[in-house]
Amino acid sequence: MNKIATHIPDVTIIEPKVFGDDRGYFLETFRQCWLDVQFVQDNQSRSTQNVLRGLHYQIDRPQGKLVRVTEGRVLDVAVDLRQSSNTFGEWVAVELSDINHRSFWVPPGFAHGFVVLSEFATFSYKCTDYYQPELERCIRYDDPTLAIDWQIEGAPVVSEKDERGKRFAEADYFD
């Protein structure tokens, strides 16, 4: 396993060792010693090309997420919402795919989102706290302050809930 630092110190790309031969491949997707966190919930979604989910986070009971793609290719984004951080309001993007097998650690205190770059993608993630819809918040994917380059042509496909997300300047933040 190789940990790759990003410009936001707490956000990490995890690149596993892949052992392959003519039969296929094997890799470890998680070991407790890689991250000093405890996961309580696993989730999975499947989406079609240009579907954009996010930018989501949970206030009061923030979730850390270890995300990966088991089929297809996505651009995954983490936005720092920690007001006390030197990187508050900055974002990191990484491509995750069934080819590169990377995982992306998005710690508590960040908004998270992704867009599907392939025909479809199956997205899997581990969470450090349980999903609580009453605590969920959403920042608009197209917020001009954040200016995230989602690397797609045309308009993304988003849910009504995500379309109603707040602008970054109006969002709830962490201390």
Of all strands (runs of 3 or more DSSP E) fully inside the stretch 99-168, the set with 1 or more residues that are touching a helix residue (DSSP H, G or I) at 6+ places or on another chain (Cβ under 7 Å) and at negative phi is 136-138
Answer yes or no: is there a residue in the stretch 118-126 that is surrounded by fewer than 18 Cβ atoms within 10 Å (Cβ to Cβ), of a type in the set (Asp, Glu) and free of Cβ contacts under 8 Å to residues at least 12 places away in the same chain.
-> no
In the stretch 16-49, anything under 22 Å from Lys3 (Cα atoms) and aliphatic (A, V, I, L, M) is listed as Val18, Leu27, Leu35, Val37
Scanning the stretch 143-168 residue by residue, the ones that are at pLDDT 95 or above, acidic (Asp, Glu) and loosely packed, with under 11 Cβ neighbours inside 10 Å total 2
Sole residue being within 28 Å of Ala169 (Cα to Cα), of a type in the set (Ser, Thr, Tyr) and surrounded by fewer than 19 Cβ atoms within 10 Å (Cβ to Cβ), chosen from Thr48, Thr12, Thr70, Thr6 = Thr6
Count of the stretch 36-50 residues which are of a type in the set (A, V, I, L, M) and in contact with a strand residue (DSSP E or B) (Cβ under 6 Å, 6 or more places away or on another chain) = 0
Applying the selection to the stretch 8-29, what residues are in contact (Cβ under 8 Å) with a residue 24 or more places away in the chain, of a type outside the set (D, E, K, R) and either touching a Lys or Arg at 6+ places or on another chain (Cβ under 7 Å) or not in a loop (DSSP other than H, G, I, E, B) (or both)?
-> Thr12, Ile13, Ile14, Val18, Leu27, Thr29
Only one residue in Asn50, Asn2 is more than 15 Å from Asp98 (Cα to Cα), without any contact (Cβ under 8 Å) to a residue 24 or more places away in the chain and not charged (D, E, K, R), so which one is that?
-> Asn2
So which of Ile59, Ile139 is crowded, with 16+ Cβ neighbours inside 10 Å, modelled with pLDDT of 95 or more and touching a Lys or Arg at 6+ places or on another chain (Cβ under 8 Å)?
-> Ile139
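The values are calculated or read from the model by the stated rules, or taken from the named source; none is laboratory data. Since we're looking at a predicted model, the values are computed, not measured. Don't worry about glycine lacking a Cβ; one is built from the backbone with ideal geometry, like all the others, and counts go over all protein chains shown.
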